[in-house]
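Enquirer: I am attaching a structure below and will ask some questions about it afterwards.
The values are calculated or read from the model by the stated rules, or taken from the named source; none is laboratory data. Quantities reported herein were computed from a predicted structural model and do not represent experimental measurements. In this analysis, Cβ positions are derived from the backbone assuming ideal geometry, glycine residues included, and neighbour counts consider all displayed protein chains. For the accessible areas, the whole protein counts, side chains as well, though only heavy atoms, and no ligand, DNA or RNA atoms are used. Shrake-Rupley method; radii C 1.70, N 1.55, O 1.52, S 1.80 Å.
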Amino acid sequence: MEKIDKFDLNIISCLQREGSLSQRELADRVGLSQNACWRRLQRLNACGIIRGTRAEVNLVALGLDLTVFVMIRTSHHAKEWADGFRKHVERLPEVTGFYRIGGDWDYLIQVVCRGIAGYDRFYQKLITDFELSTVTGFFSMEAIIENRPPDLGLLHESAGTT
């Protein structure tokens with residue numbers, strides 16, 4: 001892991017809150033010169049800690065008014081099957097998150113779509129060509145916390161420092 005200091009953490013935190021900051025604004029907020037801030041930003045990008053910037057979009061305003069958390073259980077655990085399933089799910093445009101998980105379930109997929117009919121279309125595509133033991137959807141009624149960046153102070157807590 002790349003050596004990260006408080007300036008790097010401040011840069012990351014600022015960009016997580018507001019990714020469109022200019023170089024000058026970012027440098028001012030973290031207390032560095034523009035050149036020093038730019039060098040740190042380039043290093044954070046090059047080592048993969050920062051993986052890009054993007055706009056936060058109000059999906060409901062675009063008509064994508066239903067978020068579903070799809071839980072999947074399968075009896076297939078061979079690498080070849082899992083790789084094929086992964087590629088299949090990655091091609092589905094409704095998928096906004098996809099996780100292999102531990103516990104009673106094998107996969108969790110986050111889906112956004114236009115209402116129940118949109119979810120049914122997604123579901124039909126999901127089960128095509130793949131035998132899944134159980135598929136169940138949990139429909140979000142309200143997003144209480146969504147897309148919140150983690151508090152990078154957690155890095156200090158997990159290292160046993162404060």
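Enquirer: For the stretch 61-162, list the helices (runs of 4 or more DSSP H) that sit wholly inside it and hold at least 3 residues that are free of Cβ contacts under 8 Å to residues at least 12 places away in the same chain and closer than 27 Å to G19 by Cα; which are they?
Expert: In the stretch 61-162, 154-158 are the helices (runs of 4 or more DSSP H) which contain 3 or more residues that are free of Cβ contacts under 8 Å to residues at least 12 places away in the same chain and closer than 27 Å to G19 by Cα.
Enquirer: Scan the stretch 60-71 and give yes if some residue there is closer than 30 Å to T134 by Cβ and open to solvent by 80 Å² or more (accessible area, probe 1.4 Å), otherwise no.
Expert: yes
Enquirer: Would you be able to tell me the number of residues in the stretch 16-46 that are in a helix (DSSP H, G or I), free of Cβ contacts under 8 Å to residues at least 40 places away in the same chain and open to solvent by 30 Å² or more (accessible area, probe 1.4 Å)?
Expert: Residues meeting the conditions: 13.
Enquirer: Can you tell me how many residues within the stretch 120-153 are under 30 Å from F7 (Cα atoms) and at pLDDT 95 or above?
Expert: 0
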